[in-house]
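Taking it in order: structure first as structure tokens, then the write-up.
No lab work stands behind these numbers, since they all come straight from the coordinates. Quick caveat, the model's predicted, so the values are computed rather than measured. Counting neighbours? That spans all protein chains shown, and the Cβs are built from the backbone with ideal geometry, glycine included.
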Amino acid sequence: MKKLNIIILSFLMLAGNTFAQEKMSINDAIQLALTNNHNLKAVAVNKEQANNNATAGMAGLLPSVTANATADYSNNDTEMEFMNTGAPSDSDNRMVLDNAASTTYDANIRMDYVLFNGNGNRFTLNQLRESATLEEIRFKQEVETTVLQVVEAFYDISREQENLNISKETIVTSNKRLERLKNRYLLGQSTKLEVLNAEVDLNSDSTSYLQTEQAYYTAIRKLNVVLGGEVNALYEVDSDFDFIQGLSADVILDKAMTENLSLLAQQKQEEITELDLKIAKASKVPTVSTYASYGYNRMNNDAGQVLYSENLGMQAGVTMSFNVFNGHQQKKKEQNAKLNVIAQQETTMQLTKELQRDVMNAWSDYDYKQRIANMEAKSMEQAEMNFRQTKEQYELGQVTSIDFRTAQTNLQTAKNRLNDALYNAKVAEYSILQLSGDLLDQINE
């Protein structure tokens, strides 16, 4: 029995150490995750890359300027024979040179610019900008996912934290019951069987505490990973289950149709495929380009009719190219682009219907879980009242130890069920906010 008391004391000291850690609110947890979550940082890179691509230069709307410079040298034994013109002076039409050197220097700067290509470059710029917007939406989706992960893990900690407090109270009560029965047994007012039953109950409560403590630490480590911090960090969370007032199914559904991020992302994807079609059609139009260059050229040649030449000046021109036939590739590209548009339109309509279904299901889930939480709160009040009355009667010797244990167990069960109900209702509330597109606005308030 002395060993059992030491175990109980250890439990209570552990509980005290557990809750002596730093306290964290749900807003603190969300802000930490938004700052340190590794998945969020990875998705932010995609958003930055898309923004980098959404420029006129990447779309081909700006001229390209290139600078080139070359220097060539050659040294050869050369033998040349010239055409005989028949003139009297053409006595020798052959020339032999050993180690004939030749040097060439060339430098120029050139600008190329597409004047017109059926507005394909402008459609490309719009596509790049829409793609950047799509990545922004996807980043917000990842933020929402991260927030929901924080919410689930945070309130799971809150639930297990409260369950630890309940287990602690249960152990204290069970220990007092055992001490009372031991004293009564010494006075001949209780049986050995009652003492043994109390010991078994206390051992059961201690086991339950260990299981709850394990679940508590597991929940903390789960949240720590989402927060991007130290996995083994310990803290107490603020067990505050304040629910948002004034939510209604009609308002949630209306907002979901205009602000849900998944639907917005799909609509943006549909717009991008429509721009793909415009880009494909632009390829049918002639492409008109212009160029201008300014350069310097110098040549020295020991074995040529022109021994030295030097040029400095500019050159400009306009070119036009038109695809007459390329194996029907243009036609197939347009057909495939049109099919992509049709596919995205169908996907948008399907997603819209699925979103309507998900909103109604989520609202029903939230409504039922709120009602269950209210019922569990009433059950807990009744169990608490029953336990107080049973305890008073037990201390007066009017009810048995078994009756007292039953009331104690009923109270613990009612408290645990209320914790579970509050957790489920709170997570369901955040799920509704995500579907309606209000989640990010809610955490910024």
From Cα pairs below 8 angstrom and at least 6 apart in sequence, can you work out the relative contact order of the chain, rounded to a whole percent? 22 percent
Specify the inter-centroid distance of region 94-134 and region 310-366, based on alpha-carbon positions, in whole Å. 28 Å
Considering only the other residues whose Cβ falls under 10 Å of the Cβ of residue 151, what net charge follows from Lys and Arg at +1 and Asp and Glu at -1? -2
Check cross-link reach from residue 278 to the aspartates and glutamates: straight Cα distance under 20 Å, and skip same-chain residues fewer than eight apart. 130, 270, 334, 346
Label region 315-394 by shape, choosing from rounded, prolate and oblate, from the square roots a ≥ b ≥ c of the eigenvalues of the Cα gyration tensor; if a/c is under 1.5 it is rounded, and otherwise prolate applies when a/b is larger than b/c, oblate when it is not. prolate
Simple spin-label estimate for residue 45 and residue 296 in nanometres, 7 Å along Cα-Cβ: 4.5 nm
On a straight-distance basis, which lysines could pair with residue 182 in a cross-link, Cα separation under 25 angstrom, same-chain partners fewer than 8 positions away excluded? 2, 3, 168, 192, 391
Using each residue's phi in region 424-435, evaluate 6.51 cos²θ - 1.76 cosθ + 1.60 at θ = phi - 60° and report the 3J(HN,Hα) Karplus result to the nearest Hz, with x for Gly and Pro. 4, 5, 5, 5, 5, 5, 5, 5, 5, 4, 5, 4
Environment charge of residue 271, counting only residues whose C-beta is closer than 13 Å and scoring Lys/Arg +1, Asp/Glu -1: -1
Here region 236-244 yields Karplus 3J(HN,Hα) values (6.51, -1.76, 1.60; θ = phi - 60°; whole Hz; Gly and Pro given as x) of 9, 10, 7, 7, 10, 10, 7, 9, 6
Alpha carbons only, please: Rg and Dmax for the chain, in angstrom. 41.0, 155
Between residue 250 and residue 95, what is 0.36 nm times their sequence separation minus the Cα-Cα distance? Round to one decimal in nm. 45.9 nm
Which lysines does residue 369 reach when only Cα atoms under 17 Å apart count, and residues fewer than 8 places away in its own chain are ignored? 378, 415, 426
With springs only between Cα atoms under 10 Å, which of 280, 421, 100 fluctuates most in a Gaussian network model of the chain? 100
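Please order 387, 154 by the number of other Cβ within 10 Å, starting at the fewest.
387, 154
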Of 361, 300, 386, which is the most mobile in a GNM of the chain whose springs link Cα atoms less than 10 angstrom apart? 300
Which one of 245, 49, 211 has the biggest mean-square fluctuation once the chain is modelled by GNM with Cα springs under 10 Å? 245
Looking at the square roots a ≥ b ≥ c of the eigenvalues of the Cα gyration tensor of region 164-314, which shape do they give, rounded for a/c under 1.5, prolate if a/b is larger than b/c, or oblate? prolate
Most exposed first by the Cβ proxy, i.e. fewest other Cβ within 10 Å, how do 308, 368 rank? 308, 368
For each of 365, 438, 250, 403, count neighbouring Cβ atoms within 10 Å of the residue's Cβ, then give the residues from fewest to most. 250, 403, 365, 438
